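**Q** Quick one: structure below, then a few questions.
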Amino acid sequence: MKYSNHISFILDGEIVKINFSESGIKPTTTLLHYLRSLPGHKSVKEGCGEGDCGACTVVLGELKNDKIEYRAYDSCLIFLPSVHGKQIITAENIGNSENLHPVQQALYDHDGSQCGFCTPGFVMSMFALYKQEIKPEKEEICNSLAGNLCRCTGYRPIVDAAEFSVQNRTEDHFCKCEDRIVSLIKSIDAENTIEILTNNQKYLIPFSKQEALLLRKKYPNALLISGSTDVALRVTKKHELLPEIIDLSNIKELNYFKSKGDKLFVGSNYCLEDLRNSSKDVLPALSNMLNVFGSRQIRNRACLGGNIGSASPIGDTIPVLMAYDAELVLENVTEKRTVKLRDFITGYRQTQCKSDELITEIIIPFPSKDRIIKSYKISKRKDLDISTVSACYTLKLKDNKVDDISIFYGGMSAWTKCATKTEAALKGKEWSRENVEAAMKLLAEDYKPISDARSGEKARNIMAANLLLKFWAESGRSA
Ligand SMILES: Cc1cc2nc3c(=O)[nH]c(=O)nc-3n(C[C@H](O)[C@H](O)[C@H](O)COP(=O)(O)OP(=O)(O)OC[C@H]3O[C@@H](n4cnc5c(N)ncnc54)[C@H](O)[C@@H]3O)c2cc1C
Ligand code: FES
Ligand code: FES
C-alpha cells in the first residue's frame with residue numbers, strides 16, 4: 001500500500017494542497033471552518049453548525065463520466081480531507097456585484113433577500129439545481145430548497161427566483177472552464193491511500209474496498225465514516241477529539257445501484273439522494289421515506305451504509321428495509337457474510353458488525369406484486385426533521401384475509417423492531433377496521449417507547465396505533 005500525506009482540491013479555479021502536519025490544521029476541521037478561515041470565502045455562514053439551517057451550503061464539483069457534477073452540501077458536516085479531488089464552489093466563485101450569476105440575478109429581481117444571512121446558502125442550493133440537466137417540477141424545486149432556512153423574506157420569492165432561473169438557463173462561466181477543471185481534477189492522485197498523521201489524530205482515506213478492509217484490520221478501533229452527517233456532530237457539537245478515522249467516502253467501487261434477477265444490489269456508499277431517485281419506481285415506500293429524510297444537502301452526502309451503520313432507533317431507512325427483508329453484506333479482508341437486516345441490529349446503536357468488517361452492500365429483494373407496502377414518518381415538521389415515530393408495513397391479502405403482514409416501527413424502542421404480537425393477531429384474520437383496531441391495542445405490548453424531548457411514551461403509542469389504522473385506510477380496506 002502506498003501512502004500520501006496531503007490532500008488536494010480545487011478552489012478559486014486552482015489546485016490547493018494541504019499538508020496537515022505542516023499547516024497545523026486538524027483533519028477533523030470542517031469544510032465550513034476551513035473556508036471561513038480564508039479571506040475570500042466569508043459568504044459561507046455558520047448558523048447552526050449541525051446541518052439544520054443551510055447557511056453553510058457550498059457546492060462541490062465532482063468528476064462523473066468526464067463531466068463535472070455539481071451538488072449542494074452542508075459544509076459544517078464535512079471534514080476537510082473528504083474534499084480531496086473535488087472542486088469547492090462558494091457564492092464568491094459564482095458571481096459578484098458587478099457580474100451576478102443568473103441565480104443571483106434571479107434572487108435579486110424577485111426580492112428574495114432581506115437581511116441576507118441565509119442568501120449565500122440559498123444561492124448555492126439554487127446554483128446546484130441550475131447546473132442539473134433537468135427541468136424540475138415545482139415540488140422538486142421546493143425539495144431542493146428545503147435544507148435552507150430564511151427568517152426574513154418568506155419563501156415564495158425565493159422559490160419564484162429558483163423557478164425562474166431553471167426555466168431560463170443560459171451558459172455560465174462554469175460551462176466555459178469545465179474542460180480545464182476536469183483536467184485539474186484528473187491530475188489529482190486518487191489511487192494512493194491518504195494517511196494524515198498529526199500528533200493526536202490519524203485520518204485515513206482509502207480509494208478501494210480492498211484498501212479499506214486492510215486498514216480496518218490494521219486499525220480496528222478507528223471510527224468509520226461514509227457521509228459523516230452523523231459523526232460530524234460529535235466534533236461540532238460535542239467537541240470530541242476523534243483519534244482515528246477511516247473515511248470511506250472516496251471509494252467509488254462501493255457506490256452503485258443495480259438490479260439482477262429479483263433483487264436490487266446497493267453499494268454501501270450510495271448516497272441517499274441518488275437512492276431516493278433510483279428507488280422511485282421500484283421501491284416507492286423507500287423513496288417516499290427519503291423524500292422526507294433530512295434535506296437535499298444531507299442526502300447528497302449521507303450514504304445507505306452510514307444510515308444502517310448508525311443503527312439509530314430513528315434511522316429512517318431501517319424500518320423500510322426491514323419490511324422489504326433486506327440483507328447486508330459484511331466483509332473483512334478474507335471473508336464475506338450475509339446477514340438479514342432484521343438480525344443485524346442487536347441493541348441501542350449496537351450491531352453485528354465486527355471490528356474488522358465493513359458493510360459493503362445492501363441486498364433488497366423486489367417485493368411480489370401482490371404485496372401492499374407503505375412507509376410513514378411522523379415528525380414535528382415535514383422537512384428536515386428526524387422521526388418521532390416511523391413505520392413500514394407490508395401486507396398480502398387473500399380473499400380479504402391477512403395472508404401475511406409485517407410491521408416495523410422506528411422510534412418505539414431502543415432499536416427498530418418488528419411488532420410480533422400485533423402481526424400474529426392479524427394473521428389469518430379479515431382485514432377489517434374492527435380487527436385492525438383490536439390489533440392496535442397490542443402495540444403497547446410489543447413496544448415500551450421512551451419519553452424524551454420529542455414525545456412522551458403515551459403519545460408515541462397513540463401515533464404508532466394510528467399509523468396502523470392509516471395503513472388499513474390506505475390499503476384496499478373493507479369496512
Ligand atoms: C440535520 C440532520 C438531519 C437528519 N435527518 C435524518 C433523517 O431525517 N432521518 C435519518 O434517519 N437520519 C437523519 N439524520 C442522521 C444522519 O444524516 C443519517 O443517519 C445518515 O444516513 C448517516 O449516514 P452517513 O453516511 O452520513 O453516516 P456517517 O456519519 O458517516 O456514519 C454513521 C455511522 O455508521 C457507521 N458506518 C458508516 N459507514 C459504514 C460502513 N460502510 N460499514 C459499517 N459502518 C459504517 C459509522 O461508523 C457511524 O457509526 C440527520 C442528520 C442531520 C445532521
Ligand atoms: S451551519 Fe447550519 S447547516 Fe451548516
Ligand atoms: S434574508 Fe434574512 S434570513 Fe433570509
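Where a number appears in this text, it was derived from the coordinates with a stated rule and is not lab data. Just so we're clear, the structure is a prediction, and the values are computed from it rather than from any experiment. Every residue, glycine as well, gets a Cβ built from its backbone with ideal geometry; the counts of neighbours run over all protein chains shown.
**Q** Read through the list (1) in contact with a Gly (Cβ under 7 Å, 6 or more places away or on another chain); (2) loosely packed, with under 14 Cβ neighbours inside 10 Å, then give the number of the only condition that Arg460 fails.
**A** Unmet condition: (2).
**Q** Return yes when Gly121 is within 16 Å of ligand 3 (Cβ to nearest atom), not polar (S, T, N, Q) and not in a helix (DSSP H, G or I) and no when it is not.
**A** Values: within 16 Å of ligand 3 (Cβ to nearest atom): yes; not polar (S, T, N, Q): yes; not in a helix (DSSP H, G or I): no.
No: the conditions fail for Gly121.
**Q** Another one. Restrict the check to the range 264-282 and report whether at least one residue is closer than 27 Å to Thr193 by Cβ, of a type in the set (Ser, Thr, Tyr) and not in a strand (DSSP E or B).
**A** Yes, because at least one residue in the range 264-282 is closer than 27 Å to Thr193 by Cβ, of a type in the set (Ser, Thr, Tyr) and not in a strand (DSSP E or B).
**Q** Being over 21 Å from the mean Cα position of the chain (by Cα), surrounded by fewer than 23 Cβ atoms within 10 Å (Cβ to Cβ) and within 16 Å of ligand 3 (Cβ to nearest atom) narrows it down to one of Ser43, Ser37, so name that one.
**A** Details: Ser37 fails: within 16 Å of ligand 3 (Cβ to nearest atom).
Of Ser43, Ser37, the one residue that is over 21 Å from the mean Cα position of the chain (by Cα), surrounded by fewer than 23 Cβ atoms within 10 Å (Cβ to Cβ) and within 16 Å of ligand 3 (Cβ to nearest atom) is Ser43.
**Q** Mind listing whichever residues of the range 12-60 are part of a strand (DSSP E or B) and among the hydrophobic types (A, V, I, L, M, F, W, C)?
**A** Ile15, Val16, Ile18, Val58, Val59, Leu60
**Q** Given the conditions (1) under 28 Å from the mean Cα position of the chain (by Cα); (2) surrounded by 14 or more Cβ atoms within 10 Å (Cβ to Cβ), and given that Asp172 satisfies all but one, which numbered condition is not satisfied?
**A** Only one criterion in (1) under 28 Å from the mean Cα position of the chain (by Cα); (2) surrounded by 14 or more Cβ atoms within 10 Å (Cβ to Cβ) is unmet by Asp172, namely (1).
**Q** If you don't mind, there's one more thing I want to ask. Tell me yes or no: at least one residue of the range 76-97 is of a type outside the set (Val, Ile, Thr), surrounded by 19 or more Cβ atoms within 10 Å (Cβ to Cβ) and within 16 Å of Gly147 (Cα to Cα). Don't jump to the end; show me each part of the working.
**A** If we filter the range 76-97 for residues that are of a type outside the set (Val, Ile, Thr), which is where we start, we get 76-77, 79-82, 84-87, 91-93, 95-97.
Imposing the further condition that a residue be surrounded by 19 or more Cβ atoms within 10 Å (Cβ to Cβ) reduces the set to 76-77, 79-82, 84-87, 91, 93.
From what's left, within 16 Å of Gly147 (Cα to Cα): 76-77.
Yes, the range 76-97 contains at least one residue that is of a type outside the set (Val, Ile, Thr), surrounded by 19 or more Cβ atoms within 10 Å (Cβ to Cβ) and within 16 Å of Gly147 (Cα to Cα).
**Q** Then there's this: As an exercise: evaluate Ala190 against (1) part of a helix (DSSP H, G or I); (2) touching a His at 6+ places or on another chain (Cβ under 9 Å) and give the number of the one condition it does not meet.
**A** Tallying (1) part of a helix (DSSP H, G or I); (2) touching a His at 6+ places or on another chain (Cβ under 9 Å), Ala190 fails exactly one: (1).
**Q** Within the range 141-176, count every residue that is within 16 Å of ligand 1 (Cβ to nearest atom) and among the small types (Gly, Ala, Ser). First the steps, then the outcome.
**A** Residues of the range 141-176 that are within 16 Å of ligand 1 (Cβ to nearest atom), as a first pass: 143-149.
Retained after the next criterion (residues that are among the small types (Gly, Ala, Ser)): 144, 146-147.
Adding up the residues that qualify gives 3.
**Q** Could you pull out the residue among Val266, Val339, Val292 that is near ligand 1 (Cβ under 8 Å from one of its atoms) and within 29 Å of Thr388 (Cα to Cα)?
**A** Details: Val266 fails: near ligand 1 (Cβ under 8 Å from one of its atoms); Val339 fails: near ligand 1 (Cβ under 8 Å from one of its atoms).
None of the other options fit; the residue is Val292.
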